[in-house]
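The values are calculated or read from the model by the stated rules, or taken from the named source; none is laboratory data. No experiment lies behind these values; they were computed from the predicted model shown. Note that we place each Cβ from the backbone using ideal geometry, even for glycine, and neighbour counts take in every protein chain shown. Please note that ligands, DNA and RNA were not included when accessible areas were found on the heavy atoms of the full protein model with its side chains. Shrake-Rupley method; radii C 1.70, N 1.55, O 1.52, S 1.80 Å.
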Amino acid sequence: MGFFDFLTEEIAIDLGTANTLIIHNDKVVVDSPSIVARDRVSNKIIAAGKDAAMMQGKTHENIKTIRPLKDGVIADFDASEQMMSMFIKEIPALKKRLFAPALRMVICIPSGITEVEMRAVKESAERVNGKEVYLIHEPMAAAIGIGVDIMQPKGNMIVDIGGGTTEIAVIALGGIVCDKSVKIAGDVFTNDIIYYMRTQHNLYVGERSAEKIKIQIGAATEDLEVPPEDMSVQGRDLLTGKPKQVSISYREIAKALDKSILRIEDAVMETLSQTPPELAADIYNTGIYLAGGGSMLRGLDKRLSQKTDLPVYIAEDPLRAVVRGTGITLKNLNKFKSVLIK
């Protein structure tokens, strides 16, 4: 194997619905939106990541922006493969290589994924030169990234709120004891905001604007200790058809997101109710860990804490917790053999 080891590079990928992150040599080298732009005439991908995200909602008929992943799984096989290969080509250390190196990769996948969807991820990876491809469940990777020692006979609860799915899992002894994957996450929040603006303000806003609202003043509860400033939003007036601007507060967004957050709360409660009693005892002491971009929603930790009567902790840099964990498994493949899916 010796000589080939020299030709092999190791990368860890968090192939997310909203963002794709890649770690190479312990550094996050790619952190881009999971979106590509395709030229309809030549059928070529003309942009990926940040460049394509800028085009979203602003294209003419010859350009189409595609989000290859939906609900955490690959929806457009072709586009996801080209997106992956473009991101891998962006890695600075691999640009210097004369020929494309064979890749050993660990990719994380949602826990509620089917066999077929799993194979799609694997095949995508193999077609971008992945010689050894390992998969890891997202809540597992998140737990490792947060710094939980997952091999201990101790229960830990992870709630990972991504772009397409919310993954809830109770982990002990290096395995998932009970889990639930719900398709309510960042994308649904964004759509809730679009719907709210339409119905309450007669204002039609695009996906990118709605996401900006969510990040700037999004909240899970109406009583925040440090409320964000009101925000002015521009869009198209549905009555007159003219562009217009309205000012909205975080309270309105909390109202808009309420139903979806309730469903996440219910899923957490249901997972807790399925937890074996010994592990429930552990969780009473350790609390719940939040990861993923959705965990940054203001007041969500407080709201979950009130609902479950448990302490709720947000991971540091929650957006990168999953990819960090994936990177750690990549470095210690032997230690985490049992966690990975070959």
Check the stretch 272-281 and report whether any residue there is of a type in the set (Val, Ile, Thr) and touching a Cys at 6+ places or on another chain (Cβ under 8 Å).
yes
Within the stretch 290-312, track down each residue that is open to solvent by 50 Å² or more (accessible area, probe 1.4 Å) and either hydrophobic (A, V, I, L, M, F, W, C) or under 15 Å from Pro139 (Cα atoms) (or both).
Met296
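Filter the stretch 198-214 for residues that are in contact (Cβ under 8 Å) with a residue 40 or more places away in the chain and in a helix (DSSP H, G or I); which is least open to solvent (accessible area, probe 1.4 Å)?
If we take residues in the stretch 198-214 being in contact (Cβ under 8 Å) with a residue 40 or more places away in the chain and in a helix (DSSP H, G or I), then Ile213 is least open to solvent (accessible area, probe 1.4 Å).
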Looking at the stretch 104-129 only, could you name the residues that are at pLDDT below 90 and assigned to a strand (DSSP E or B)?
Ile109
Of the residues that make up the stretch 216-237, is at least one under 21 Å from Leu319 (Cα atoms), surrounded by fewer than 18 Cβ atoms within 10 Å (Cβ to Cβ) and within 17 Å of the chain's Cα centre (by Cα)?
no
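Per-residue answers, yes or no, for (1) of a type in the set (D, E, K, R); (2) in contact with a Ser or Thr (Cβ under 6 Å, 6 or more places away or on another chain); (3) assigned by the TED database to the domain that holds His137:
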site: Glu252; (1), (2), (3): yes, no, no
site: Glu270; (1), (2), (3): yes, no, no
site: Pro277; (1), (2), (3): no, no, no
site: Ala280; (1), (2), (3): no, no, no
site: Asn285; (1), (2), (3): no, no, no
site: Leu304; (1), (2), (3): no, no, no
site: Leu310; (1), (2), (3): no, no, no
site: Thr326; (1), (2), (3): no, no, yes
site: Thr329; (1), (2), (3): no, no, yes
Consider the stretch 133-150. How many of its residues are outside any helix (DSSP H, G or I), open to solvent by 10 Å² or more (accessible area, probe 1.4 Å) and either touching a residue at least 40 places away in the same chain (Cβ under 8 Å) or within 22 Å of Leu297 (Cα to Cα) (or both)?
4
Just to be sure, is Thr240 under 25 Å from the mean Cα position of the chain (by Cα), polar (S, T, N, Q) and open to solvent by less than 90 Å² (accessible area, probe 1.4 Å)?
no
Which condition from (1) within 18 Å of the chain's Cα centre (by Cα); (2) open to solvent by 40 Å² or more (accessible area, probe 1.4 Å); (3) within 25 Å of Met105 (Cβ to Cβ) is the one that Thr326 breaks?
(2)
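Take Arg104 and decide whether it is under 15 Å from Ile22 (Cβ atoms) and either assigned by the TED database to the domain that holds Ile45 or under 22 Å from the mean Cα position of the chain (by Cα) (or both).
So Arg104 passes the test.
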Is it the case, given these coordinates, that Lys89 is in contact with a Lys or Arg (Cβ under 6 Å, 6 or more places away or on another chain) and open to solvent by 40 Å² or more (accessible area, probe 1.4 Å)?
no
Answer residue from the stretch 21-50, given it is touching a Ser or Thr at 6+ places or on another chain (Cβ under 9 Å) and surrounded by fewer than 18 Cβ atoms within 10 Å (Cβ to Cβ) and is nearest to Arg208 (Cα to Cα) among those
Lys50
